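The values are calculated or read from the model by the stated rules, or taken from the named source; none is laboratory data. From a predicted model like this one, the values you see are computed outputs, not experimental measurements. With ideal geometry, Cβ positions are generated from the backbone for all residues, glycine too; neighbour counts draw on all protein chains shown. These accessible areas exclude ligands, DNA and RNA; they are computed on the full protein's heavy atoms, side chains included. Shrake-Rupley method; radii C 1.70, N 1.55, O 1.52, S 1.80 Å.
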Amino acid sequence: MSGDETGVVIVDAELAEKAAPLAQRLAADGAAAKLAAKDSTLWGPDAESEASIRLSWTTLHKSSRPLIGEIEALRAELHSEGVDRVVLAGMGGSSLAPEVITATAGVPLTVLDTTDPGQVADALAGDLERTVIVVSSKSGGTVETDSHRRIFAKAFADAGIDAARRIVVVTDPGSPFSELAEKEGYRKTFLADPHVGGRYSALTAFGLVPAGLAGADVARLLDQAASVAETLAEDTAENPAVQLAAAWGAAHEAGAEKVVLADTGSGIKGFPDWAEQLIAESTGKLGTGLLPVAVEGPDAPGFADHGKDATAVAIGAPEGAAQISVTGPLGAQFLVWEFATALAGRLLEINPFDQPDVEAAKKAARALLDDPEKLKGGETPATVDGAVEVFGSEGVVTEGKLADILRAFFGSVADGGYIAVQAYLDRLDDASTSLLRGEIAKRTGVQTTFGWGPRFLHSTGQYHKGGHQNGSFLQITGAVEDDLPVPDRPYTLGQLQHAQALGDGQVLAEHGRPVLRLHLTDRAAGLAELVRAVQEAAQ
Ligand code: PA5
């Protein structure tokens with residue numbers, strides 16, 4: 001199969017053999033056709049009510065068409081006014097797809113899915129005269145997105161720019177943002193299809209509006225999705241989504257609950273970051289699920305040397321240790337992975353459309369924001385080593401040199417477990433932090449994920465709390481030099497970021513998971529010390 005042709009190949013013969021009966025079962029059940037026809041009974045009675053309002057994504061290649069003209073018209077209008085820089089404020093399902101679409105198309109989009117004050121300040125420092133901000137939130141109540149809206153509205157006003165003319169809203173009908181947009185007279189509101197959940201919304205207004213305004217050819221994406229839609233509705237064992245779901249299901253049955261995702265030259269930029277949300281949030285619940293591990297490429301630790309607890313999936317042609325290969329253009333891949341994830345949900349006997357454990361971390365963060373003492377650094381570190389302060393949940397070793405602490409932490413990972421590195425930092429200025437993933441995976445031989453906080457809270461965060469309970473969590477937080485107030489809110493962005501880290505750490509600890517938090521009192525120096533300590537710890 002060529003890289004352009006849409007398809008799924010189970011390269012590993014043993015896995016293909018195990019997957020065959022599951023593919024036959026899905027085909028015999030008529031699952032693919034039922035899914036395409038939006039049959040909400042596929043996941044059992046407990047999921048039926050939610051599924052009945054979550055399946056419109058199967059036909060977005062048709063229903064999203066009218067949006068194209070609207071997006072083009074707004075883009076032309078903005079350009080005629082000299083407004084050609086697009087900033088997107090949105091979390092999880094409201095930003096991951098447009099980020100992949102624009103990166104793949106090679107058009108610039110500034111994505112704000114962070115509470116890091118430095119990263120937001122850098123976005124504000126761009127040319128505001130030329131800037132439009134797309135405020136995207138299905139619920140219309142997400143605190144990060146609302147904070148960005150407030151900060152940008154004030155910055156526009158301070159610069160003498162009519163903020164209302166520079167804010168475009170994407171939201172569900174009747175949400176607080178849709179009401180606010182009307183009250184404030186924001187430039188335009190795109191109301192998305194409410195019968196599509198966040199992580200399945202790539203081809204709704206959530207994916208298409210910011211990407212199209214930034215200059216990506218979004219009509220082509222719909223064409224690509226349309227080109228595979230009929231095949232995905234076929235009840236055959238060869239249906240690519242049936243193949244992918246069956247392979248995941250068979251691997252999971254055999255104890256491989258991790259899915260390691262590497263791009264092998266597909267031409268799609270950053271697809272694993274989008275896919276990890278879809279898989280983790282859809283399947284990671286009720287103590288089961290598939291843990292996506294997004295890695296840097298087919299030679300990366302975790303993929304090249306994956307063990308029996310993981311399945312290696314290539315996005316693109318099969319390469320290296322790949323056991324499964326998924327090919328096709330971006331629009332088609334979105335649909336293949338969505339169908340496959342929903343079908344895998346049936347095999348795993350979970351509801352792929354809810355996210356029962358996401359709210360817990362939000363609640364804990366809100367409680368901390370109400371307790372300013374804790375946030376002001378009331379907590380005392382167990383150990384300070386250079387520019388790194390050490391905190392740990394009960395039972396986690398926090399005494400000694402940093403390398404000793406890390407050695408004990410890595411050594412305590414459950415058999416078949418995983419390490420999750422979660423960095424509440426600036427994902428542009430502190431980008432090198434993500435190299436820790438490969439470094440730790442290589443040195444420990446343990447599957448290791450990396451997530452930027454709070455972005456991952458809207459993605460893999462669900463799995464960490466709801467999926468297989470064998471993760472060990474390494475949180476990294478950092479000192480904030482110049483904090484940003486959130487207009488008309490009693491907290492700063494830095495306080496929000498800190499509360500999110502502490503809140504999620506608390507919830508993980510309540511789940512009995514080991515949490516080691518390293519706070520960098522000087523980000524650059526602390527990070528360098530941390531890298532050295534990781535190398536030393538694993539010798
Ligand atoms: O898939 C999901 O439902 C989540 O990841 C959401 O997309 C994310 O939490 C953002 O929510 P909202 O679009 O309501 O701001």
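Using the structure shown, list the pairs from K138/K363; K154/K465; K62/K465; K401/K442 with a Cα-Cα distance above 28 Å, or answer none. Don't jump to the answer; show the numbers that get you there.
Details: K138/K363 19 Å; K154/K465 36 Å; K62/K465 36 Å; K401/K442 22 Å.
Violating the 28 Å limit, Cα to Cα: K154/K465; K62/K465.
With only Lys, Arg, Asp and Glu charged, each at its Cβ (+1 for the first two, -1 for the last two), find how big the charge dipole of the chain is about the Cα centre; round to the nearest 20 debye.
420
What are the equivalent ellipsoid semi-axes of region 454-518, built from the alpha-carbon gyration tensor (square roots of five times its eigenvalues), in whole angstrom, biggest first? Show your work: numbers first, answer last.
Details: eigenvalues 130, 32, 17 Å².
Semi-axes, largest first: 26, 13, 9 Å.
Mind grabbing the base-10 log of I(q)/I(0) for the chain at q = 0.07 Å⁻¹? Debye formula, identical points on the C-alpha positions, no solvent, two decimal places.
-0.37
Please list 3J(HN,Hα) in residue order for region 314-321, calculated via the Karplus relation 6.51 cos²θ - 1.76 cosθ + 1.60 where θ = phi - 60°; whole Hz, with x for glycine and proline.
Values per residue, Gly and Pro as x: 8, 9, x, 5, x, 8, x, 8 Hz.
Taking the Cβ of N239 as the center, what net charge do the other residues with Cβ under 14 Å away carry, scoring Lys and Arg +1 and Asp and Glu -1?
-3
Out of all DSSP beta bridges in region 415-539, what portion is antiparallel? Express it as a percent rounded to 5. Write down the numbers at each step before the final one.
Details: 1 of 20 bridges.
Approximately 5 percent, going by the DSSP bridge assignments.
Projecting each Cα onto the charge dipole of the chain (Lys/Arg +1, Asp/Glu -1 at the beta carbon, about the Cα centre), which of A47, S227, A216 comes out farthest on the positive side?
A47
Express the accessible area of the chain per residue in Å², computed with a 1.4 Å probe while the remaining protein chains stay in the model. Can you show the working numbers first?
Working: 19430 Å² over 539 residues.
On a per-residue basis, 36 Å².
Among Q447, P329, T142, flag the residue with its Cα farthest along the positive direction of the charge dipole of the chain, charges on Cβ as +1 for Lys/Arg and -1 for Asp/Glu.
Working it through, the farthest residue towards the positive pole turns out to be T142.
How large is the charge dipole for region 23-112, taken about the Cα centre, if only the Cβ atoms of Lys, Arg (+1) and Asp, Glu (-1) carry charge, to the nearest 20 debye?
Approximately 280 debye in magnitude.
Please list 190-201, 6-17 highest first by mean number of surrounding beta-carbon atoms within 10 Å per residue.
By packing density, highest mean first, the sequence is 190-201, 6-17.
Give the distance, in whole Å, between the Cα centre of region 85-146 and the Cα centre of region 319-397.
Taking the Cα centre of region 319-397 as reference, the centre of region 85-146 is 20 Å away.
To check you understand DSSP bridge types, tell me what percent of the beta bridges within the chain (both residues inside) are antiparallel, rounded to 5.
If we restrict to bridges inside the chain, about 20 percent are antiparallel.
Could you give the alpha-carbon Rg of region 267-386 over 2.2 N^0.38 Å, rounded to two decimals?
So the Cα radius of gyration is 1.40 times the expected 2.2 N^0.38 Å.
Determine, for each peptide in 446-453, 73-80, the mean count of other beta carbons within 10 angstrom over its residues, then list the peptides with the highest first.
446-453, 73-80
Beta carbons within 10 angstrom, averaged per residue: use that to sort the peptides 324-336, 386-398, 420-432, highest first. Mind dumping the intermediate values first?
Working: 324-336: 25.8, 386-398: 18.2, 420-432: 20.5.
In descending order of packing, they fall as 324-336, 420-432, 386-398.
Rounded, prolate or oblate: which fits region 59-222 when a ≥ b ≥ c are the square roots of the eigenvalues of the alpha-carbon gyration tensor, with rounded for a/c under 1.5 and prolate only if a/b beats b/c?
Rounded, since a/c falls under 1.5.
Could you tell me the center-to-center distance, by alpha carbons, between region 407-440 and region 247-292 in angstrom?
So the separation of the two Cα centres works out to 18 Å.
Of P240, L109, A528, whose Cα points farthest to the positive end of the dipole of the chain (charges on the beta-carbon: +1 Lys, Arg; -1 Asp, Glu; origin at the Cα centre)?
Of the listed residues, the answer is L109.
Over region 358-537, what lengths in whole Å, largest first, do the semi-axes of the equivalent ellipsoid take, defined as the square roots of 5 times the eigenvalues of the alpha-carbon gyration tensor?
Ellipsoid half-lengths, sorted descending, are 24, 19, 15 Å.
Going by accessible area, probe 1.4 Å, with all protein chains left in place, what is the ranking of D404, D354, largest first? All intermediate terms of the calculation are to be shown ahead of the outcome.
Values: D404 70, D354 40 Å².
The most accessible residue leads, giving D404, D354.
Translational diffusion coefficient of region 1-111 at 10 °C, 1.306 mPa s, Stokes-Einstein with Kirkwood Rh over Cα pairs, in µm²/s as a whole number.
86
Where the accessible area of the chain is counted over protein heavy atoms with a 1.4 Å probe, how much of it, in %, is carbon and sulfur?
In the chain, the share of accessible area belonging to carbon and sulfur is 49 percent.
Straight-line reach from K18: which lysines have Cα under 27 Å away, leaving out those fewer than 8 places along the same chain?
Partners found: K34, K258, K285, K308.
Explain nothing, just compute: Karplus ³J(HN,Hα) = 6.51 cos²θ - 1.76 cosθ + 1.60, θ = phi - 60°, for every residue of region 146-162 in order, whole Hz, x for Gly and Pro.
Values per residue, Gly and Pro as x: 5, 5, 4, 4, 4, 5, 6, 4, 5, 4, 4, 4, 4, 8, x, 9, 5 Hz.
Quick one: Debye curve from the alpha-carbon atoms of region 64-103 only, equal weights, vacuum; give me log10 I(q)/I(0) at q = 0.14, 0.16, 0.20, 0.26 Å⁻¹ to two decimals.
Log10 of I(q)/I(0), two decimals: -0.41, -0.53, -0.80, -1.02.
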